[in-house]
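Single-structure report; data block below.
The values are calculated or read from the model by the stated rules, or taken from the named source; none is laboratory data. What you see is a predicted model, and the numbers here were worked out from it, not measured in a lab. Every residue, glycine as well, gets a Cβ built from its backbone with ideal geometry; the counts of neighbours run over all protein chains shown. Keep in mind that these areas ignore ligands, DNA and RNA; they rest on the heavy atoms of the full protein, side chains included. Shrake-Rupley method; radii C 1.70, N 1.55, O 1.52, S 1.80 Å.
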Amino acid sequence: MAMLDADIRREVPGDEDAIDGVICRAFGKMDEAHLVRLLREHYPAFDRRFSLTAWYDDTMVGHALFTPAQIRLMGHTISAVAVAPVAVVPGLQGKGIGSKLLREGHSIAQGEGFSLAFLNGHPEYYQRMGYQSCFGFAKIAIDVAKLPPPSQRLQPMPVHPSDIPWLVECCAAEWADVDFFWQRGTNLSEWTLCGTNALIWWTEFGQRAAYTLGWPGGRKWQMVLAEDPMLARAVIAQVRPTSLQQHPAGWLVRHALAPEWAHATVERHPAAMARELRHGVLRPYLKALEAGERLPGFCNWPLPFMAC
């Protein structure tokens, strides 16, 4: 198939509607376009320099987003870019436009000092671009029938700016040794997340018990953060989620959950891939993973669509 020499440009104000159109045509739905909108509007690290568009005959025909992220790897924090989505309009797919977008994005990110690119995508295609499967998906399954009764009643409240230092501290403890965790920062929007049920639970004595993040009306929650095991168990017993998207190496599993009613797993997945932008950054992790010295990492995506 003949390749198409598309022109790659960085997103500029006014490109938003055309980007929505390209992504919608490429995927046949608006989910991925909404993801880009959410990142642009709510994620503090969104940077138009890493939102790349492909043009042919003055028409936008492709788009790829590289989102700056601070992730954990082997007990350290490294600068990385999350790659999602990559879109090319029907009729021009398979002509090298997506590959050109990826190569340009890798080059820009590398020049800006990022060490790693990671994504969830089609293994066969992305392996040709230097990616390799190396992390996966985690889950805590909870048998609500075996949960003990709540040790105390807790009061839910909205997340406020004054909660942020406590949240950052709990988050750091929960994910300290979980590879590929996407760290949250000090911006309130990273914790409240449009379209989610984000709550701080308080005791009757005015103590923060836990932070919970879930989807309205559902029993599948993204996470519970806490610093006291007893209070963490109390909020789980009161909320009664059937599952959490947290990792066996996290604080919650190691300190607060009981095997009688909670079972934590993580599985490496072919679609969960990364590639080096700085030589050797993945090698220690991959070596430890293959030797069984570390569990597969898990990326806790910061937006509702990405976490589903």
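Residues in segment 246-267 that are among the β-branched types (Val, Ile, Thr) and under 8 Å from residue 138 (Cα atoms): 265, 266. Can we say residue 90 is open to solvent by 20 Å² or more (accessible area, probe 1.4 Å), more than 20 Å from residue 299 (Cα to Cα), assigned to a loop (DSSP other than H, G, I, E, B) and touching a residue at least 60 places away in the same chain (Cβ under 8 Å)? Yes, satisfied.
Of everything listed in (1) open to solvent by 20 Å² or more (accessible area, probe 1.4 Å); (2) in contact (Cβ under 8 Å) with a residue 60 or more places away in the chain; (3) within 22 Å of the chain's Cα centre (by Cα), the single unmet condition for residue 182 is (1). Which condition number does residue 136 fail, the rest of (1) closer than 18 Å to residue 279 by Cα; (2) in contact with a Lys or Arg (Cβ under 9 Å, 6 or more places away or on another chain); (3) open to solvent by less than 80 Å² (accessible area, probe 1.4 Å) being met? Going through the list (1) closer than 18 Å to residue 279 by Cα; (2) in contact with a Lys or Arg (Cβ under 9 Å, 6 or more places away or on another chain); (3) open to solvent by less than 80 Å² (accessible area, probe 1.4 Å), residue 136 breaks only (1).
If you go through segment 109-133 one residue at a time, how many are assigned to a helix (DSSP H, G or I) and open to solvent by less than 20 Å² (accessible area, probe 1.4 Å)? Working first, answer last.
If we filter segment 109-133 for residues that are assigned to a helix (DSSP H, G or I), which is where we start, we get 109-111, 123-127.
Those left that are additionally open to solvent by less than 20 Å² (accessible area, probe 1.4 Å): 109.
Number satisfying all stated conditions: 1.
Looking at segment 188-305, the helices (runs of 4 or more DSSP H) lying wholly inside it that each contain 1 or more residues that are touching a residue at least 60 places away in the same chain (Cβ under 8 Å) and within 22 Å of the chain's Cα centre (by Cα) sit at 189-192, 251-255, 283-290. Restricting attention to segment 48-69, does a residue exist that is within 20 Å of residue 277 (Cβ to Cβ), of a type in the set (S, T, N, Q) and surrounded by fewer than 16 Cβ atoms within 10 Å (Cβ to Cβ)? No: segment 48-69 contains no residue that is within 20 Å of residue 277 (Cβ to Cβ), of a type in the set (S, T, N, Q) and surrounded by fewer than 16 Cβ atoms within 10 Å (Cβ to Cβ).
Any chance segment 231-246 includes a residue that's basic (Lys, Arg) and surrounded by fewer than 21 Cβ atoms within 10 Å (Cβ to Cβ)? Give the steps one after another, and end with the answer.
Let us first name the residues in segment 231-246 that are basic (Lys, Arg), namely 233, 240.
Next, from what is left, pick out any that are surrounded by fewer than 21 Cβ atoms within 10 Å (Cβ to Cβ): 240.
Yes, because at least one residue in segment 231-246 is basic (Lys, Arg) and surrounded by fewer than 21 Cβ atoms within 10 Å (Cβ to Cβ).
Quick one: which residue in 294, 278, 268 is in contact with a strand residue (DSSP E or B) (Cβ under 9 Å, 6 or more places away or on another chain), surrounded by fewer than 22 Cβ atoms within 10 Å (Cβ to Cβ) and more than 30 Å from residue 192 (Cα to Cα)?
Numbers: 294 fails: in contact with a strand residue (DSSP E or B) (Cβ under 9 Å, 6 or more places away or on another chain); 268 fails: more than 30 Å from residue 192 (Cα to Cα).
On inspection, the qualifying residue turns out to be 278.
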